[in-house]
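Shown next, in structure tokens, is the structure this report addresses.
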Amino acid sequence: MKALVKKAIRRIASMAPTAAGMPQRAVQGAAGTIADSQTQDYWTDFNVTLHRRFKDAQESLDFFHWRNDQYFGYIQRMPVAGFDGKAVLDYGCGPGHDVIGFANYSAPSRLVAADISPSSLKEAEERLALHGKAAEFVQLDPAAMNLPFASDSFDHIHSSGVLHHMPNLDLVMTELRRVLKPGGTFNIMVYNYDSLWMHLFVAHHKQIIEKTYQGLNLREAFTRTTDTETCPIADCYTPQEFLEIAQRNGFQGVFTGAGISMHELLIAPTRFAAIQDQKLPRECREFLLALKTDEHGYPTYNGHLAGIDACFRLTKIRA
């Protein structure tokens, strides 16, 4: 279990935008396609459960709850319950973690699990079969210009930890808007720039204490610390940055808050030593100084948990 936790923590750390503004791509997809072959190959070789197989439904559910508990506040902001009678798309479902949640804690009229990775889809289908539940499993073509769904197909779209890996984010957002019904909802989790992961773990623990990723700016160093160092694309955003991306692609919405990882909570007490370190960038020192604590004693920034999982709820802007 310890090895699994360490690997999962490493997964939360391999993404990067550039120093000043928006993310810079490590890889560019072919113009006008939803992904690329390098991204598909990576996520076929690697996934968030590390290709774990489950022996029965109980073990699968136990893992579902354990993994959600590693990110305090995540499941409240990315719910899988409350979608009875809805057509639901899990975009970038991976090995089916949230598909299991929707199948067990909602009764959707249609549940579609879509991903570019054939190995993850197979694992998701095998895992769901343990629960005796049904879903449609759709392998996406990374070279396609469109998603293989009719317009206005889904009442709800769920995309967790996926969009920050897209080589053509605007195209994907436009396509997801097309397949979302008017009045439908779109819940998203992407990596959060305004996090302890960025301003304490990356900036102080990795770059200063461990002296790793020297010569890289903060966003570039961040990209090496999440989904393994070989992840081809991994971006992070401030809440405002991501809401601007959503708006230019025809959505309106809100930042619903962040989930904070147990890793961030474990290292949170070291922020005071980091603040004393003259090598820490001023931006990071000011972020750490601005932190407050909530009723649990967990660190918050601008009224939200200062965690790596930034969550958003979007709807279509009417044309």
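Only the coordinates and a few stated rules stand behind these numbers; no lab work does. Because the structure is predicted, anything quoted here is derived from the model rather than measured. Using ideal geometry, Cβ is built from the backbone for each residue, glycine included, and neighbour counts are taken over all protein chains shown.
If we count every other residue with Cβ under 11 angstrom of Ser117's Cβ, Lys/Arg +1 and Asp/Glu -1, where does the sum land? Combined, the nearby Lys, Arg, Asp and Glu give -3. Would you kindly state the longest site-free stretch of the chain, with sites defined as GluC sites (Glu not before Pro) in a DSSP loop (not H, G, I, E, B) surrounded by at most 14 other Cβ atoms within 10 Å? Counting at most 14 other Cβ atoms within 10 Å as exposed, the longest clean stretch of the chain is 1-209.
For the residue pairs Lys86/Lys292; Lys55/Lys86; Lys86/Lys316; Lys133/Lys181; Lys55/Lys122; Lys292/Lys316, the C-alpha atoms sit more than 27 angstrom apart in Lys86/Lys292; Lys55/Lys86; Lys292/Lys316. Farthest toward the positive end of the dipole of segment 216-311, out of Pro239, Leu305, Leu289, is the Cα of Leu289, where the dipole comes from beta carbon charges about the Cα centre. For the chain, the residue among His199, Asn168, His158 whose Cα projects farthest onto the positive side of the dipole built from Cβ charges is His199. What is segment 238-284 by shape, rounded, prolate or oblate, if you read a ≥ b ≥ c off the alpha carbon gyration tensor as root eigenvalues and call it rounded for a/c under 1.5, prolate for a/b larger than b/c, and oblate otherwise? In terms of gyration-tensor shape, oblate.
Rounded, prolate or oblate: which one fits segment 190-268, using the alpha carbon gyration tensor with axes a ≥ b ≥ c (rounded when a/c is under 1.5, else prolate when a/b beats b/c, else oblate)? Here segment 190-268 falls in the prolate category.
Between the amide H of Gly257 and those of Cys311, distances stay under 5 Å, these residues lying 5 or more places away or on another chain, with hydrogens modeled in the peptide plane.
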